[in-house]
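Peer 1: Would you mind keeping the following structure in view while I ask a few things?
The values are calculated or read from the model by the stated rules, or taken from the named source; none is laboratory data. Fair warning: this is a prediction, and the values are worked out from it, not measured in the lab. Cβ atoms come from the backbone with ideal geometry, glycine included; neighbour counts cover every protein chain shown. When the accessible area is computed, the model is the full protein with side chains, heavy atoms only, and any ligands, DNA or RNA have been set aside. Shrake-Rupley method; radii C 1.70, N 1.55, O 1.52, S 1.80 Å.
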Amino acid sequence: MECPVCGFVHYANPVPAAAALVVDEAGRLLLARRAGEPDAGLWDTPGGFLDEGEDPRTALRRELLEEAAVEIEIGDFFGMYLDRYGGGADAPYVLNLVWKASIVGGKLAPADDVSELAWFARDALPPPQELAFEWLAVALPAWARGVP
């Protein structure tokens, strides 16, 4: 958008977020039930928005401490997914940066904006209608198939 008076241009860039595909020794995936809007009550990966100037991996470690009370070791980069944060016409776009990760410390417990944490086997992931965001319906089956 451009201001007709001063000429200032606002670029509608996506907001960066970091997410983790946390897998345990049994090969199960950790998912977090969202406590707040948007999509309260639906399953999501642990993670969240980057603070200004924050490295995405630092944000990912911070978010896992905030949401699940655990320290993680970040593994391979899994992928990036563009989605909307909410369902309204003005919902911002989010660029989700996704890494594989494993827990290396702490005691798993839901906190912050998470109401529940649960482990899911590759063949028992929640159906798409129980997932908070559209990108999850693409990424989680890819993870289950071993892609990438």
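Peer 1: Being out of contact with any helix residue (DSSP H, G or I) (no Cβ under 7 Å at 6 or more places or on another chain), among the hydrophobic types (A, V, I, L, M, F, W, C) and surrounded by 14 or more Cβ atoms within 10 Å (Cβ to Cβ) is the filter here, so list the residues in the range 32-45 that pass it.
Peer 2: Listed by number, the list holds a single entry, ALA35.
Peer 1: Find all pairs meeting these conditions: Cβ atoms under 8 angstrom apart; at least six residues apart or on different chains; first residue within the range 42-58 and under 16 Å from ASP76 (Cα atoms) and assigned to a strand (DSSP E or B); second residue charged (D, E, K, R) and open to solvent by 70 Å² or more (accessible area, probe 1.4 Å).
Peer 2: none
Peer 1: Still on this structure, I have one more. I'd like the residue in the range 97-128 that is in contact with a helix residue (DSSP H, G or I) (Cβ under 9 Å, 6 or more places away or on another chain), among the charged types (D, E, K, R) and not in a strand (DSSP E or B) and, out of all such residues, is surrounded by the fewest Cβ atoms within 10 Å (Cβ to Cβ).
Peer 2: Within the range 97-128, the match that is surrounded by the fewest Cβ atoms within 10 Å (Cβ to Cβ) is ASP123.
Peer 1: Condition check: buried (at least 20 other Cβ atoms within 10 Å of the Cβ) and more than 21 Å from GLY146 (Cβ to Cβ). Does GLU63 satisfy that?
Peer 2: yes
Peer 1: Now a separate question. Which of the residues spanning the range 129-148 are part of a helix (DSSP H, G or I) and among the aliphatic types (A, V, I, L, M)?
Peer 2: Across the range 129-148, the qualifying residues are LEU136, ALA137, VAL138, ALA139, LEU140, ALA142, ALA144.
Peer 1: Further, regarding this structure: What's the total number of residues in the range 46-60 that are farther than 18 Å from GLY36 by Cβ and open to solvent by 20 Å² or more (accessible area, probe 1.4 Å)?
Peer 2: Of the residues in that region, 9 qualify.
Peer 1: Here is a follow-up. Tally time: how many residues in the range 1-41 are touching an Asp or Glu at 6+ places or on another chain (Cβ under 8 Å), in a loop (DSSP other than H, G, I, E, B) and within 21 Å of ARG62 (Cβ to Cβ)?
Peer 2: 2
Peer 1: For the range 66-77, indicate whether the set of residues that are among the hydrophobic types (A, V, I, L, M, F, W, C) and modelled with pLDDT under 95 is non-empty.
Peer 2: Checked the range 66-77: no residue is among the hydrophobic types (A, V, I, L, M, F, W, C) and modelled with pLDDT under 95.
Peer 1: Would you call VAL94 open to solvent by less than 50 Å² (accessible area, probe 1.4 Å) and touching a Phe, Trp or Tyr at 6+ places or on another chain (Cβ under 6 Å)?
Peer 2: yes
Peer 1: Within the range 66-83, work out how many residues are in a strand (DSSP E or B) and open to solvent by less than 70 Å² (accessible area, probe 1.4 Å).
Peer 2: Summing the residues that are in a strand (DSSP E or B) and open to solvent by less than 70 Å² (accessible area, probe 1.4 Å) in the range 66-83 gives 8.
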